[in-house]
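Here the structure comes first, spelled out in structure tokens, and everything after it is commentary.
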Amino acid sequence: MIGTILLFPAVLILVQLISNKKPRLGFWGGLLVIVGLFARAFHSGVDHFAFQIVRSTDVDVATNLVGDFYGMFHVVNILNFSIFFGWIVLAIGAYASKVFGWFRSLALGVMFTLALGVLKGTNMTTIISLTGLCIALLPLGVEVLINGSRPKLKTVLFYVVIIVLVLGSWLFMSEMERPN
């Protein structure tokens, strides 16, 4: 889930760069991927719930519960296919706008093979997909950090304090909601 959250700003930056020359490809690729990231967030929640069932009961109960509900329709399921096409559209947009060369665009496009859904494990396809994502986006992240505008130290410290306070309050509130 943390990876999905961190992927969101990276996709937005890529969309912005693509949209400078190819606005439609940037818009549609970004929209499809971001909508698909919502589906991934949903799946992460279901995964978390399944693992918590294992902790509170046992594997057999969790397996039966997940098995009974696996494949049932949920509105989020219709978002699954958007991320498949979104990665392809973003890869084409990155190449067409010359944000990436052919190799990094191809590496980004390989993300369309990443399995979607509840309780999807890691396999060789997962490793290849995520390696492609890293090949495409890590150099972009470094480039943005090096060439981007640098905030003043006072601004950085202000936001660090705000982030710590917000995250701390969320942690506190989530602990308060937990049953005894």
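The values are calculated or read from the model by the stated rules, or taken from the named source; none is laboratory data. Source: prediction; values computed, not measured. Every residue, glycine among them, receives a Cβ derived from its backbone with ideal geometry; neighbour counts consider all protein chains shown. The area values use the complete protein model at the heavy-atom level, side chains included, leaving out ligands, DNA and RNA. Shrake-Rupley method; radii C 1.70, N 1.55, O 1.52, S 1.80 Å.
Rank 127, 56, 157 by how far each Cα sits towards the positive end of the charge dipole of the stretch 38-168 (+1 on Lys, Arg Cβ; -1 on Asp, Glu Cβ) and give me just the farthest.
Value: 157.
Which residue fluctuates most in the GNM of the chain (Cα springs below 10 Å): 137, 157, 37?
157
Quick check: Cα centre of the stretch 105-180 to Cα centre of the stretch 72-98, how many Å?
If you average the Cα positions of each part, the centres end up 18 Å apart.
Write down the accessible area per residue of the chain in Å², having rolled a 1.4 Å probe over the full set of protein chains.
On the way: 12330 Å² over 180 residues.
Computed with neighbouring chains in place, this is 69 Å² per residue.
Under 20 °C and 1.002 mPa s, how fast does the stretch 22-180 diffuse according to Stokes-Einstein, given a Kirkwood radius computed over C-alpha pairs? Answer in µm²/s, whole number.
114 µm²/s
For the chain, which whole-number percentage of the solvent-accessible area (1.4 Å probe, protein heavy atoms only) is attributable to carbon and sulfur atoms?
Answer for the chain is 72 percent, counting heavy atoms of protein chains only.
In deg cm²/dmol, rounded to 500, what helix-only [θ] at 222 nm does the chain give when every DSSP H run of at least 4 residues adds -39500 (n - 2.57) and the total is split over its residues?
About -26000 deg cm²/dmol.
Between residue 163 and residue 74, with labels modelled 7 Å along Cα→Cβ, what's the label distance in nm to one decimal, could you check?
2.9 nm
So which lysines can residue 21 reach, going by Cα to Cα under 19 Å and dropping same-chain residues fewer than 8 places off?
Residue 21 reaches 98.
If you take the beta carbon distance between residue 177 and residue 146 as r and set R0 to 41 Å, what does 1/(1 + (r/R0)^6) give as a FRET efficiency, to the nearest 0.05?
The pair residue 177/residue 146 has a calculated efficiency of 0.50.
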